[in-house]
Every structure is written in structure tokens, then in C-alpha cells.
1. If Lys285 meets every condition in (1) of a type in the set (D, E, K, R); (2) in contact (Cβ under 8 Å) with a residue 60 or more places away in the chain; (3) not in a loop (DSSP other than H, G, I, E, B) apart from one, which number is that one?
2. Name the single residue, out of those in the range 311-352 being of a type in the set (Asp, Glu) and touching a helix residue (DSSP H, G or I) at 6+ places or on another chain (Cβ under 8 Å), that is modelled with the lowest pLDDT.
3. Which one is modelled with the highest pLDDT among residues in the range 362-378 that are assigned to a helix (DSSP H, G or I) and over 14 Å from Pro322 (Cα atoms)?
4. Among the residues of the range 321-375, write down those that are among the small types (Gly, Ala, Ser) and over 19 Å from Phe293 (Cα atoms).
5. Would you mention how many residues in the range 43-65 are modelled with pLDDT of 85 or more, surrounded by 12 or more Cβ atoms within 10 Å (Cβ to Cβ) and part of a loop (DSSP other than H, G, I, E, B)?
6. For the range 123-167, which positions are in contact (Cβ under 8 Å) with a residue 60 or more places away in the chain and touching a helix residue (DSSP H, G or I) at 6+ places or on another chain (Cβ under 6 Å)?
7. From Lys192, Lys182, Lys187, which residue is touching a strand residue (DSSP E or B) at 6+ places or on another chain (Cβ under 7 Å) and surrounded by fewer than 18 Cβ atoms within 10 Å (Cβ to Cβ)?
8. Looking at this structure, is Ala30 modelled with pLDDT of 85 or more, small (Gly, Ala, Ser) and not assigned by TED's automatic domain parsing to the domain that holds Thr117?
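The values are calculated or read from the model by the stated rules, or taken from the named source; none is laboratory data. As the structure is a prediction and not an experimental result, all values here were calculated from the model. Cβ coordinates were reconstructed from backbone atoms using ideal geometry, including for glycine residues, and neighbour counts include every protein chain displayed.
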Amino acid sequence: MMAGVVDTLNIISKTMENILDFVANDKVLADDFQQYLEINGIEIESEKEFNNVIIQYVLDMKMQSGLRVLEYYRRNNKTYDEVIDALLNSFCSVFKVNKILSNAFDVNCLTSNVNLTIIPMVKMDHLKQIGKFDYIQARIIELNNVQYILEIYDVISEFDVYKATTTAIKYMLQNPKTVYFKNEEKKIQLEKSVEEFNQKFEECFKSQFVITTNKKVDSLIEFFNNYRLSGNKEDYSGLIENVEQLRYIKIDEFNCDDDTFMQNAVGGFASHKEVYDVALWMDKKRGLYIIPFLKTFFQCFESDVEGKKDCVREFLTSDKIPPSVIKFACERYEKFFDVVNDALNTKFDNLEELLFNTKAVYIDSGVYSPVVVLFNSELFSTMLGIEEKKEEKNSFQVGRNDLCPCGSGLKYKKCCGKNL
């Protein structure tokens, strides 16, 4: 490797060591990390597990106050500040290996569809299991316009396109910024799409948001999309309904197996057994958001609801909730800061400070809603095509005494159906 690259890798490694030491010795972070373990029911049984958990905590998690752990470190320690900035902007994606170099990989980033050269932070000899055309599920960090592999989570076979595509979609939904990484053309496309969504939403609903239940919201989204494309507006009152009792429950459409994820991504919120309120929220800067429990969140500032503190904390700390929602609630409810501070155990008294701590990812950053990203994603269209083919394949019935469709020449019961 060139000396400059080696120096950069050493700086990144040293910075990570400093951060981990800081987490261990800073009382605020040490207490917060312990709360993080308790809240998520994480039990650590080995040093390896501890290292994996604390690295994820540092790179991905937010403190109980809503501030990212890395942001807290940056505000308290100025060492290698440019590396901290890079770590804050690091992201996970899936990369298809086009070429294996002596000290790097030439890859295609599935989420942004750009070609990159990424340099691993370990010697290439340690990565012999990665072959040409395989997929790398990894986190990358960029410094001085050079991309480095910070972590590799999995290597996906070149033949498992479905898993690679689905995993990339998950990352895309969790962090929409990955869609336009090094892809300015895509960013311009998203900006134009947001303008169109704004115009059509205002024409259709005459409001910034509309609320229904998870059992109806998929149809409401379909209704809006039909209007967006055709301009034909019909009566949608039958798609609006209320839940019997507002309450907050934890749902997570990302932490599930591939088939369940596909069902949620394609079939939507109606696939969940529970019934809860869901809103379509239009953010003029970022596009259309689908926000579960929005009505419940608003109700938290007027009365007690089941799961009140968890609900408020989720809305304040989740990067899937845009600042416009928080601003709306702040301007509408007198008890806003009382409820927020009680949920976060903080002492905020103005909106700017609150957003600076809880929604830092949106400050001076082009963040677009997952809905706008999906509507403009060739990758998502590819995934839908793969899913349709998968369903067609699964619906094909083979008799146990028929020839196996794999072409082996054997009967199905003695080949692919042997263990069924």
C-alpha cells in the first residue's frame, strides 16, 4: 500500500481506539451504554460479543438523550476531528466485487449504483474467501475522497442475488443517503421527485398529513399514487378509520427474515397483526413519510397513553421521523417540553437545541424520505421482479415421481425433493 493510505488506516484505527477508551471512561456514556444493554435485552458472554456490541453502539446508536454517541464524543474531544466526521457519515451497503486488486476491491455499490474502489483495513490475505462477482455486506468510510472498508459483516455468493438485493434494500431504507452516495444525478432526480410529491399531496388531501390505520394505509398509499400518476381523484373517505384505543407498541420492519421483510416492504403495514394508527406525512424538503403512531404521539401531549414515554422517545430519537413532525408538535402543544424532557430525562427548553441534539442527521444534510427513495429506485424494482419470479417458482408443483426440474435426470423424490 502507498504510505498515505497506510497512514490514513492507522489514523482511523487509532481514532476508534480513542473512542472506545472514551466510552469506557466517560461516566455519562458508560451509564448510557449500560442502559442500552438493558433496554435491548443484550447479554454479553464473550469478549468478541462485547467488541461487536460496543462498536455497533458507537457507530450506529443514539444516547438516551437522542444524541448520537459519535456526536457526543466529537463535542467532548477534538482529536482527529476529520475522522470523526467521516465516521459519522460512514454507511453500510452491499457491494458487488467486479475486480480484486492487490490491496483493494473494484466494486459496484448496489444502493447508489456507482463503481468504487474500496480499500480494506486488513490485509487482502485475510479476505481470501471473497471471490470475483461475490457481494460484500460492509460498512465503508470515506477520507480525502478515498473509500475504506471499516467492517465486513457478510460475504454473499454471486449466485444469491435475491439475498444481496434484499439486504441492500434494507440498508437503503435505514439510511436513504446511501442511494445518492457519489451519484449526483440520482440526488437531482430525488429533488425533483420531492417537488412533485409535494404538489400532488396538497392537491389530493389539502393538508400536510392524513391519518388512518395500518390496515388501511396501504390502500391509501395506492390511492395517492394513482392520483399522482393519473390525476383522477375519487372519494377516499372509506380508507380513513380510527383505532379503538391509541397506544404505542414496538414494531420493527427491518429486524426480520428475508421473506417477512419482503412481505412488509411489498405488502406493507397491513401484514402486522396489531391495529394501530399510521399517517401519511408530507415534508416539503424531504418528501412523503409513512409514520406509524403519529396520532398516538400527538395524544401524548394531551393525556396519558399506553407506552407514552417510549413513543415520545422513539419520535425524538429515530432518524426515520423528520424534524418537521417535532416542530409541528412543539408549536401545537403547551406541554411539549414537559413531556419530552420527562421521556428523555433532559432539560431542553427550546426547539433549536432539541433538534440539534436529536435530529442532527438532518442538519445541513440532504435526507430524503424512504418512500421517495423507493419510488425512484431501480434496485427496488429489481427486487420486486426477483420476488415475482420466486413466487412463480414456488407455485410450480412437482410430483414426487416426476423428473426433477433441476435437470439432473433423477426423480424429484430422489433429488431436490429428497429431504422434503
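1. That leaves (3) as the condition not met.
2. First, pick out the residues of the range 311-352 that are of a type in the set (Asp, Glu): 314, 319, 331, 334, 338, 342, 349, 352.
Next cut, touching a helix residue (DSSP H, G or I) at 6+ places or on another chain (Cβ under 8 Å) only: 319, 342, 349.
On the way: Asp319: 88, Asp342: 95, Asp349: 94.
So the residue we want is Asp319.
3. Taking the candidates together, the pick is Val373.
4. In the first step, residues of the range 321-375 are kept if they are among the small types (Gly, Ala, Ser); the result is 324, 329, 343, 360, 365-366, 369.
Hits for the range 321-375 are Ala360, Ser365, Gly366.
5. Number satisfying all stated conditions: 3.
6. Within the range 123-167, Ile141, Leu143, Ile156, Tyr162, Thr165, Thr166 qualify.
7. Working: Lys192 fails: touching a strand residue (DSSP E or B) at 6+ places or on another chain (Cβ under 7 Å); Lys187 fails: touching a strand residue (DSSP E or B) at 6+ places or on another chain (Cβ under 7 Å).
Lys182 is the lone residue from the list that is touching a strand residue (DSSP E or B) at 6+ places or on another chain (Cβ under 7 Å) and surrounded by fewer than 18 Cβ atoms within 10 Å (Cβ to Cβ).
8. Values: modelled with pLDDT of 85 or more: yes; small (Gly, Ala, Ser): yes; not assigned by TED's automatic domain parsing to the domain that holds Thr117: yes.
Judged against the criteria, Ala30 is a match.
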